[in-house]
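What follows is a set of notes on a single structure, which appears directly below.
The values are calculated or read from the model by the stated rules, or taken from the named source; none is laboratory data. Being a predicted model, the structure only gives us computed values, none of them experimental. With ideal geometry, Cβ positions are generated from the backbone for all residues, glycine too; neighbour counts draw on all protein chains shown.
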Amino acid sequence: MSLNHLLVLNAGSSSLKFGLFTAEAEPMALATGLIERIGGAAELHLKRAGGAVIADETLPEAEGATHRGALHAALTPLFDAFPEAKILGCGHRIVHGGRNYAEPVVLNDHALSYLETLVPFAPLHQPHNLAGIAAAQAAFPQAQQVGCFDTAFHRHHPFVNDTFALPRRFYEKGVRRYGFHGLSYDYISGQLKQMAPSLHAGRVVVAHLGNGASMCGMVGGRSVASSMGFSALDGLPMGTRSGQLDPGVLLYLMDQEGMDPQQISDLLYKDSGLKGMSGIGSDMRTLLASDSPHAAEAIDYFCFRIRRELGGLAAALEGLDALVFTGGIGEHAAEIRSRTCRGMHWLGVELDERRNARNETLVSTEFSRVRVLVIPTNEELVIARAAARLSR
Ligand SMILES: Nc1ncnc2c1ncn2[C@@H]1O[C@H](COP(=O)(O)OP(=O)(O)O)[C@@H](O)[C@H]1O
Ligand SMILES: CC(=O)OP(=O)(O)O
Ligand SMILES: [Mg+2]
């Protein structure tokens, strides 16, 4: 039987997103799924592209405890629903591609040993990405394994946006501003090229506001600067991550609070951001619905940091033609877009509140010098396209 399908895996620190696509040059999604809260009370949601639910359930502990178990739990109902599927290629989202990868690659032994050396750069994401690859190799030995990197889209940054002001040897060792969410930015860049070629050719800031959040400045569809740097902690505050922090705070935590690296890592990755500031939770919907003053302050801080970053990125781009919102918050939270754009008139940003409330694609007024758009992202499709290209 011919191999005619692609499996896409996007393993996060506590989640696994996956999808089954047709193996065509422009792949078509047949089903998409998500396993949340791996390591805790993990839940599986799987639906067909048309929206029909295939599975919606809490996983037994044996499966929900690890990424390997979660992958097994994902594949069983998927292949029960699509018994005819034969996997030609598996596409993997890999957070870190280091200095070497500016494009997707076929994951041979050489590539995999290089990616292993990057684990210390992304300890919360990279090991799960590599575990997903190993599990997919075991499950689909005939399939090509293809890696797609969050860092790749940013690999051509000018030196000033690639470095920190540390002694040179650290730069040589790879302590650089890599930037992340590149698959999302790549997708948005492609969409913009189709929808509005003249904007795509200009100076654009994309705000990817999901559970992880970052912003990217592009010129001509290529990344010039990103709010995320060496790690996925930098820049904007996120669901549970601090965002930009004075390095002096880390010295204080070590010296005065006696915290060790693991405790600091847990604090910055898991207990900070919207969750830490609000004391309520990391989910923007919960915070918007809350009447707690701490939730309101967390939202204010979130919007304020987006505005600061927008100003900084506009300076890096020497102007601004368009601002694009994407990611779960960027696509759905009209209130956050509205509060972010308030006070940005000086930069030429003028939101049309009615269009914005309706989540329309163009949400700026006709007089706004900067076009403001809402474009849903699709990281899985970018991965599927690369897997289709490299699996032939
Ligand atoms: N209608 C909505 N209004 C406000 N926030 C929303 C809405 N829908 C989703 N979100 C927020 O989007 C975030 C998740 O974004 P998403 O891009 O799905 O996350 P991930 O980074 O895990 O892929 C959560 O904070 C969630 O509350
Ligand atoms: C790099 C990163 O922050 O990823 P995510 O948004 O999936 O957590
Ligand atoms: Mg995300």
Which residue is farthest from residue 150 (Cα to Cα), if the candidates are limited to region 72-99 and must be touching a residue at least 60 places away in the same chain (Cβ under 8 Å) and of a type in the set (Gly, Ala, Ser)? 85
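One line per residue, one yes/no per condition, for (1) more than 19 Å from the chain's Cα centre (by Cα); (2) over 11 Å from residue 92 (Cβ atoms); (3) not hydrophobic (A, V, I, L, M, F, W, C):
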site: 117; (1), (2), (3): yes, yes, yes
site: 122; (1), (2), (3): no, yes, no
site: 125; (1), (2), (3): no, yes, yes
site: 128; (1), (2), (3): no, no, yes
site: 136; (1), (2), (3): yes, no, no
site: 142; (1), (2), (3): yes, yes, yes
site: 152; (1), (2), (3): no, yes, no
Determine, yes or no, whether residue 218 is within 15 Å of ligand 1 (Cβ to nearest atom), of a type in the set (A, V, I, L, M, F, W, C), surrounded by 24 or more Cβ atoms within 10 Å (Cβ to Cβ) and closer than 30 Å to residue 320 by Cα. no
Over region 7-30, the set of residues more than 16 Å from ligand 2 (Cβ to nearest atom) and either more than 17 Å from residue 143 (Cα to Cα) or under 21 Å from the mean Cα position of the chain (by Cα) (or both) is 7, 20, 21, 26, 27, 28, 29, 30
The listed residue being β-branched (Val, Ile, Thr), in contact with a helix residue (DSSP H, G or I) (Cβ under 6 Å, 6 or more places away or on another chain) and in contact (Cβ under 8 Å) with a residue 24 or more places away in the chain, out of 280, 264, 306: 306
Within region 3-37, restricting attention to residues that are free of Cβ contacts under 8 Å to residues at least 40 places away in the same chain and closer than 16 Å to residue 387 by Cα, which residue is farthest from ligand 3 (Cβ to nearest atom)? 22
So residue 67, is it within 16 Å of ligand 2 (Cβ to nearest atom) and either more than 20 Å from residue 149 (Cα to Cα) or touching a residue at least 40 places away in the same chain (Cβ under 8 Å) (or both): yes
List every residue pair whose Cβ atoms sit under 9 Å apart, with the two residues 6 or more apart in sequence or on different chains, where the first one lies in region 318-345 and is within 23 Å of residue 219 (Cβ to Cβ) and of a type in the set (Phe, Trp, Tyr) and the second, anywhere, is outside any helix (DSSP H, G or I) and within 16 Å of ligand 1 (Cβ to nearest atom). 325/206; 325/207; 325/208; 325/209; 325/333; 325/363; 325/374; 325/375
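Matching residues to (1) charged (D, E, K, R); (2) outside any loop (DSSP other than H, G, I, E, B):
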site	(1), (2)
10	no, yes
13	no, no
17	yes, yes
20	no, yes
25	no, no
41	no, no
51	no, no
55	no, yes
Could you check region 345-392 and list, in sequence order, the residues that are within 16 Å of ligand 1 (Cβ to nearest atom), in a loop (DSSP other than H, G, I, E, B) and β-branched (Val, Ile, Thr)? 363, 375, 377
State yes or no: is residue 105 in contact (Cβ under 8 Å) with a residue 60 or more places away in the chain, of a type outside the set (Gly, Ala, Ser) and in the same structural domain as residue 19 (by TED's automatic domain parsing)? yes
From (1) more than 20 Å from the chain's Cα centre (by Cα); (2) hydrophobic (A, V, I, L, M, F, W, C); (3) more than 20 Å from residue 131 (Cα to Cα), pick out the condition that doesn't hold for residue 78. (3)
Select the helices (runs of 4 or more DSSP H) contained entirely in region 243-291, then report the ones holding at least 1 residues which are at positive phi. 273-278
If we keep just the residues of region 89-124 that are touching a Gly at 6+ places or on another chain (Cβ under 7 Å) and part of a loop (DSSP other than H, G, I, E, B), which is farthest from residue 66 (Cα to Cα)? 99
So for region 165-184 (the condition being farther than 22 Å from residue 117 by Cβ, more than 16 Å from ligand 2 (Cβ to nearest atom) and surrounded by fewer than 24 Cβ atoms within 10 Å (Cβ to Cβ)), does at least one residue qualify? yes
With the condition being touching a helix residue (DSSP H, G or I) at 6+ places or on another chain (Cβ under 7 Å), I'd like the helices (runs of 4 or more DSSP H) fully within region 139-232 carrying at least 2 qualifying residues. 182-195, 197-200
May I ask you to say which residue of 246, 271 is without any contact (Cβ under 8 Å) to a residue 24 or more places away in the chain and either among the acidic types (Asp, Glu) or within 14 Å of ligand 1 (Cβ to nearest atom) (or both)? 246
